[in-house]
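The values are calculated or read from the model by the stated rules, or taken from the named source; none is laboratory data. Please read all numbers here as calculations on a predicted model, not as lab measurements. Counting neighbours? That spans all protein chains shown, and the Cβs are built from the backbone with ideal geometry, glycine included.
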Amino acid sequence: MRQLLIACFACALLGAPAVQAQTLKIGGLLETSGSVASLGQPGLEGAELAVEQINKAGGINGKKLELVNINSESDNTQTVSAVKRLTGQSDILALVGPMNTGSSYAVIDMVQRAGIAMVSNGGSRGIVLPVEKKKWIFLAPLTDTLVQKVMLEDMKKKGIERIALLNSDSAFGTSGREQLETQAADYGVKIDIQQTFGNNDKDMTPQLTNIRSKDVQAIVVWSTGPAQAVAVRNIRQLGLDVPVYLSHAANDYNFLRLAGESSNGVLIPSSKLYVTDSLAEDDPQKPVIERFVADYTSRYKRPPATFAGNGYDATMLIAEAIKAAGPDRKAIRDAIEAIQNHVGVTGIYSYSADDHFGILPSSVEMLVVKDGQFTLGN
């Protein structure tokens, strides 16, 4: 007995209980209050649903999975503080990153120094670039570059050559502007005028009045949250009768609610979440999305937003890596990077040492709003 007690004490000093623990813990940085709560709350719900499904199926290698989420309040400083708290706990194996692009940028260096993998839910390509300097950072959502390729291809098919860009001054909006400026010419599209607004602005009439003077063939609005609805309502009020393209952040029921009838006709490059019934029977994502929608609706009594799919996928990706690598932070990072053809709600994921975006182009569909509903575009 004396030898056993000595051995147990020695193991405690060496941190062995973390290895022997019957619960595997991952950290969450999902915002349930503040300006990005409309993204973070469904993201947390999706992550919690993933944990519930995993545990009902027997856990990971026989151990329960637990998500420890800290509400960052949509604030970069609070997110940094949350990362410090989570990474300071040796039994936190990986992080489900914030929905807020700016907060994702704010914690990259700290996550790198801590040596813990983070699957971010921010929508900017720059979060994981350059990969050689951000080896511990991965993305789960659609990226601005990927969805813009689908959007620009749609413009090309429709003969649209001159556009206006209206973007927010947030990290997401700025990144979207940079990516669109980089690749528009490849599709024969020219940005005739670019205007910026504050992400919390309640009126974009001055910027849109400037755009109206240019007689462009389409308008692109790149932002998150309620500002997208404000911009679309202002566009309709000014009688700008041209196609309106929004970022993938608009594939959200909150946008439809806030924009009302003004949303009809807008075009959104999106995941397949809202158009599952229209997908081909052999689409590999169809059964995954159908199960997700059914389980989410049963638990939360409402249909899921696209951001719930992001949180769900990020958690499932980490769980797959833990299953393959065990409770070791570095091994988990390596295992995420090795994931191939993981079928998720938002997309099909294949990572590599050179690609931490993950989602394959086949995961994106062009949607159009008809009668207040998301539908597949023509």
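Numbers at a glance
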read-out: Where I211 falls short, out of the listed (1) touching a helix residue (DSSP H, G or I) at 6+ places or on another chain (Cβ under 8 Å); (2) crowded, with 23+ Cβ neighbours inside 10 Å; value: (1)
read-out: Hits in segment 204-222 (condition: closer than 15 Å to L165 by Cβ and touching a Leu at 6+ places or on another chain (Cβ under 8 Å)); value: M204, Q207, L208, I211, R212, I219, V220, V221, W222
read-out: The listed residue being of a type outside the set (V, I, T), in contact with a Ser or Thr (Cβ under 8 Å, 6 or more places away or on another chain), on the phi < 0 side of the Ramachandran plot and without any contact (Cβ under 8 Å) to a residue 60 or more places away in the chain, out of L256, L246, L238; value: L238
read-out: Any chance D186 is surrounded by fewer than 17 Cβ atoms within 10 Å (Cβ to Cβ) and modelled with pLDDT of 95 or more; value: yes
read-out: Which listed residue is modelled with pLDDT of 95 or more and within 13 Å of F138 (Cβ to Cβ), from A294, A331, A308, A321; value: A321
read-out: Qualifying residue in segment 174-183 (condition: closer than 20 Å to T79 by Cα, at pLDDT below 95 and surrounded by fewer than 23 Cβ atoms within 10 Å (Cβ to Cβ)); value: no
read-out: Search result, residues across segment 200-227 that are closer than 15 Å to V266 by Cβ and assigned to a helix (DSSP H, G or I); value: L208, A227
read-out: Segment 121-135: number of residues that are crowded, with 23+ Cβ neighbours inside 10 Å and in contact (Cβ under 8 Å) with a residue 60 or more places away in the chain; value: 3
read-out: All positions within segment 182-211 that are under 25 Å from the mean Cα position of the chain (by Cα) and in contact (Cβ under 8 Å) with a residue 40 or more places away in the chain; value: N199, N200
read-out: Single unsatisfied condition, L238 versus (1) among the aliphatic types (A, V, I, L, M); (2) outside the structural domain of G43 (by TED's automatic domain parsing); (3) farther than 22 Å from P361 by Cβ; (4) surrounded by 15 or more Cβ atoms within 10 Å (Cβ to Cβ); value: (4)
read-out: Among the candidates P98, P130, residue that is under 18 Å from the mean Cα position of the chain (by Cα) and not assigned by TED's automatic domain parsing to the domain that holds Q228; value: P98
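Matching residues to (1) under 19 Å from S35 (Cβ atoms); (2) among the acidic types (D, E); (3) modelled with pLDDT of 95 or more:
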position: A218; (1), (2), (3): no, no, yes
position: S223; (1), (2), (3): yes, no, no
position: P226; (1), (2), (3): yes, no, no
position: A229; (1), (2), (3): yes, no, yes
position: L246; (1), (2), (3): yes, no, yes
position: A249; (1), (2), (3): yes, no, no
position: N254; (1), (2), (3): yes, no, no
position: S262; (1), (2), (3): no, no, yes
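Per-residue answers, yes or no, for (1) part of a loop (DSSP other than H, G, I, E, B); (2) surrounded by 22 or more Cβ atoms within 10 Å (Cβ to Cβ):
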residue	(1), (2)
L44	no, yes
A47	no, yes
E52	no, no
L67	no, no
V83	no, yes
Q89	yes, no
M110	no, no
